[in-house]
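This report refers to the structure that appears directly beneath it.
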Amino acid sequence: MRERILIIGSSGQIGTELVMELRKKYGNENVIASDIRPSCKEVMESGPFEELDIMNQSLLISIVIKYKVTQVYLLAALLSATAEQNIELGWKLNMRSHSHVLDLAKDGLIKKIFWPSSIAVFGPTTPRENTPQYTVMEPNTVYGITKQSGERWNEYYFNKFGIDVRSIRYPGLIGWKASPGGGTTDYAVDIFHQAIQYGKYESFLSENTGLPMMYMPDAIRATIELMEAPAEQVKIRSSYNLAGISFTPKQLASEIKKHIPDFEMTYNPDFRQAIADSWPSSINDNYAQKDWGWELKYNLEKMTSNMMKNLIEKYKTIA
Ligand code: NAD
Ligand code: AKB
C-alpha cells in the first residue's frame, strides 16, 4: 500500500527537516506539510502544503480524506518555556491536538501515528543521572505534564483500540536549518548563531547545567527508524528514552572555542533554569537499542564541527 504522510506543525524546528527527509524517501507528493504558518521555501516548493490549525478537527479530517493519508506525524505543540508562560494554551494545544490525531486512527481513517514526547516527562524526583526508561515521573511543568499525559494516552489507545502509535522522548534538539521554538534547551542552538555572528553569548542557563541533547540528523534518523520498525519490535508504546549527548553550557562553550578561540561566554540564568534543574542530565536508552537497534552517530565534537561548518556557510550566503 502506498504511504501518504501528513506532518502537522511542519514549519517548526523538527518539521522543517523531517518533511524533506520523508519526501526523499516516500516521494514529494506523498508527504503533505501543514501548519498555521507557511513552512520554509524548500518545503513549500517541493510538495503539498495545507494551512491547518490542529484544533480544527473537521478541517483535519477533510485533509486526511482529501489526500488519503495513512500516517500522521504530530509536531504542533507549545514547548517548555513558552507553555510555562501560557499554561492554558499549552495544555489545550498539546492535549487536544493529540486526541484529534488518536481519534483519526480509532475511527479507521489512518494507520500509524508518530507523537513526540520529551525528557520533560521526568521531574525533580526522577534520578538525574543515566535516567532509566521506567522510573519515578513527576513532571512539574505544564509542558512535562502534557507529555506525561500524552504517553499514558498513547499506551491506552494502543492497548484498548490497537492503535499503532510510536513515540520518542527527544532530548534537546540541535540543528542549523531552522530556529528552535521556545524550549529550555534552545540555548544550545542560539549559542552557535551568536558565536559566529558576534563572538560571544550570554547563556540563560548556568555553566554547570548538564542536559541531554541530540543533533538533528540523529533525531530525524531515529524518528524514521522507529516508524519503519516492524510493529512487533516496538514493545514500548508510551515513549522510548533516547540518550543523545549530555553536556553543560560550559562544555559546549569550550568545544566552540576550538573553532572560535576568542569566543566569550557569560551566564545570566532566568526562569528556564528551574525547568532545566527539574530534568535529567543523562538518559539510559538501552530499550531503544535492544528493541529497534538504535545507535547514535554524533558526539559533542562531531556535532559542533558540523554545526559550525553549515552555519558559517549559511551566513556567507546570506551576506
Ligand atoms: P516548534 O515550536 O519548532 O514547531 C511547532 C510548530 O507547530 C510550529 O511551526 C507552529 O507554527 C506549529 N503550530 C503551533 N500551533 C499550531 C496549531 N494550532 N496547528 C498547527 N500547527 C501549529 O517545535 P519543534 O521543536 O519542531 O517540536 C515538535 C514536537 O517535538 C513538539 O511536540 C515538541 O514538544 C517535541 N520535542 C521537541 C524537542 C526539541 O528540542 N525541538 C525536544 C523534545 C520534544
Ligand atoms: C524544550 O526545551 O522544551 C524542548 C524539550 C527538551 O522538550 N527542547
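The values are calculated or read from the model by the stated rules, or taken from the named source; none is laboratory data. Worth saying up front: this structure is predicted, and the values here are computed from it rather than measured. When we count neighbours, we look across all protein chains shown, and the Cβ atoms used for this are built from the backbone with ideal geometry, even at glycine.
Scanning region 37-83 for residues that are touching a strand residue (DSSP E or B) at 6+ places or on another chain (Cβ under 9 Å), in a loop (DSSP other than H, G, I, E, B) and more than 14 Å from ligand 1 (Cβ to nearest atom) yields Gly47, Pro48, Val69, Thr70.
Here's the yes/no breakdown for (1) surrounded by 17 or more Cβ atoms within 10 Å (Cβ to Cβ); (2) within 23 Å of the chain's Cα centre (by Cα); (3) not aromatic (Phe, Trp, Tyr):
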{"site": "Ala243", "(1), (2), (3)": "yes, yes, yes"}
{"site": "Tyr267", "(1), (2), (3)": "yes, no, no"}
{"site": "Ile283", "(1), (2), (3)": "yes, yes, yes"}
{"site": "Lys290", "(1), (2), (3)": "no, yes, yes"}
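Residues that are more than 14 Å from ligand 1 (Cβ to nearest atom) and among the aliphatic types (A, V, I, L, M) within region 1-21 comprise Met1, Ile5, listed in sequence order. Scanning region 11-20 for residues that are touching a Pro at 6+ places or on another chain (Cβ under 9 Å) and part of a helix (DSSP H, G or I), we see that the one that is nearest to Tyr73 (Cα to Cα) is Ile14. Across region 109-132, the number of residues qualifying as closer than 19 Å to Arg237 by Cα and either without any contact (Cβ under 8 Å) to a residue 12 or more places away in the chain or within 16 Å of ligand 1 (Cβ to nearest atom) (or both) comes to 11. Within the option set Glu29, Glu21, Glu45, being surrounded by fewer than 17 Cβ atoms within 10 Å (Cβ to Cβ), within 23 Å of Ala222 (Cβ to Cβ) and either assigned by TED's automatic domain parsing to the domain that holds Gly90 or not aliphatic (A, V, I, L, M) (or both) holds for one residue only, Glu21. Restricting region 155-184 to residues that are assigned to a helix (DSSP H, G or I) and touching a helix residue (DSSP H, G or I) at 6+ places or on another chain (Cβ under 8 Å), the residue that is farthest from ligand 2 (Cβ to nearest atom) is Phe161. What is the number of the single condition among (1) surrounded by fewer than 22 Cβ atoms within 10 Å (Cβ to Cβ); (2) more than 14 Å from ligand 2 (Cβ to nearest atom); (3) within 19 Å of the chain's Cα centre (by Cα) that Val72 does not meet? Evaluating Val72 over (1) surrounded by fewer than 22 Cβ atoms within 10 Å (Cβ to Cβ); (2) more than 14 Å from ligand 2 (Cβ to nearest atom); (3) within 19 Å of the chain's Cα centre (by Cα) leaves (1) as the failure. Considering only residues in region 104-136 that are polar (S, T, N, Q) and away from ligand 2 (no atom under 16 Å from the Cβ), the one that is surrounded by the most Cβ atoms within 10 Å (Cβ to Cβ) turns out to be Gln133. Within region 22-36, take every residue that is touching a residue at least 40 places away in the same chain (Cβ under 8 Å) and assigned to a helix (DSSP H, G or I) and give me the one that is nearest to ligand 1 (Cβ to nearest atom). Selected residue: Leu22.
Is it the case that Tyr187 is within 18 Å of the chain's Cα centre (by Cα), aromatic (Phe, Trp, Tyr) and more than 11 Å from ligand 1 (Cβ to nearest atom)? So Tyr187 fits the description; yes. When region 132-149 is filtered for residues that are assigned to a helix (DSSP H, G or I) and either touching a Pro at 6+ places or on another chain (Cβ under 9 Å) or polar (S, T, N, Q) (or both), the ones remaining, listed by number, are Ile145, Thr146, Lys147, Gln148, Ser149.
Conditions tested, residue by residue: (1) of a type in the set (Gly, Ala, Ser); (2) touching a helix residue (DSSP H, G or I) at 6+ places or on another chain (Cβ under 6 Å); (3) under 11 Å from Ser206 (Cα atoms).
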| site | (1), (2), (3) |
| --- | --- |
| Tyr240 | no, yes, no |
| Ser246 | yes, no, no |
| Ala253 | yes, no, no |
| Lys257 | no, no, no |
| Phe263 | no, yes, no |
| Pro269 | no, no, yes |
| Ile275 | no, yes, no |
| Ser278 | yes, no, no |
